[in-house]
Amino acid sequence: MKTASSVLIAALAAGASASPIEVAKRDFQCGGPLIVAARGSGEQPGEGVQSQVVGMVKGAVPNWSGSDFGLDYPAVINDGSNYGPSVVAGIQNLNGVVTGFVDQCGEGSKVVLLGYSQGGQVVSSLLGGGSGQPALAAKYTPHSKFHFMLRSNFGLLTKYTVAAAVVFGDPTFIAGQSYDAGSATTNGIIAGQGGTPETLAPYTQVFRSFCTVDDSVCASGSNGQAHADEIKTWAQEATDFIVPRVS
């Protein structure tokens, strides 16, 4: 019998060979941070439930002058075939958004990445490699205590600043890492597919992965409601982590 994790792994393998997608060009608002939220599986296009965190961050940063939007990607519900290509599309689109923002607004620009569930896998894969995509070469030069310039030797990700990256309910969650947050002590249903502790460790000062104990996705538990409530449960802690990094 196929398990949820085996189906997801097979879907990811299919997605790894997906052709690169064309990212629509966007005019960005410069002069302030950019928040990009990758929504969870099956959510309507936009920021989804993460809009709660976006609003809290904007309300807590004095004289907020940045911009925010939801990542454009399929975010399909896993059916055993489309999930992998959906994740890869998200990674490639997120890369295009971030690099496009920096190309337009300058290398000192601050970017905040948010991801819920499948969107969390998109973000962690972009940072640490995974889901069939190249890992980052973690060269970083601080703009300040919290802001790092990251460059990739693989060409997927080039010269941008990540001020903060926060994911919730990531199915690739690995318990016991320095960047983990929340209450979970067990691995996600496809742990490690979105990056390894070695590739994500360089981001410890800017990255947090929130997961609630017994979450059916990020902790391989039995509580689907815990997964649905990840944002509501950890919104304040996530906001407290992000705000000093963009203020």
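Bear in mind these aren't lab numbers, they're just calculated from the coordinates by the rules spelled out. Owing to the predicted nature of the structure, the values given are computational and were not obtained by experimental measurement. As a convention, Cβ positions derive from the backbone with ideal geometry for all residues, glycine included, and neighbour counts pool all protein chains shown.
Some points to look at:
- Per-residue ³J(HN,Hα) for the range 89-106, Karplus 6.51 cos²θ - 1.76 cosθ + 1.60, θ = phi - 60°, Hz, x for Gly and Pro: 4, x, 4, 5, 5, 5, 4, x, 5, 5, 5, x, 4, 5, 4, 7, 9, x
- Using the average count of surrounding beta-carbon atoms within 10 Å as a protection proxy, the listed peptides 69-76, 88-95 rank, highest first, as 88-95, 69-76.
- Gain upon complete extension [residue 63, residue 177; 0.36 nm per residue less C-alpha separation]: 37.6 nm
- Spin-label pair residue 247/residue 205, simplified geometry with 7 Å Cα→Cβ offset, distance in nm: 1.8
- Per-residue HN-Hα couplings for the range 164-176 [Karplus 6.51, -1.76, 1.60; θ = phi - 60°; Hz; x = Gly/Pro]: 7, 9, 9, 10, 10, x, 5, x, 9, 3, 10, 5, x
- Sequence-distant residues sharing a close amide H with residue 35 (under 5 Å, placed H): 67, 68, 69, 112
- Highest mean packing comes first when the peptides 56-65, 43-52 are listed by Cβ atoms within 10 Å, giving 43-52, 56-65.
- The distance separating the Cα centre of the range 68-128 from that of the range 179-247 comes to 16 Å.
- Using a Förster distance of 22 Å, the FRET efficiency for residue 29-residue 237 (Cβ separation, nearest 0.05): 0.20
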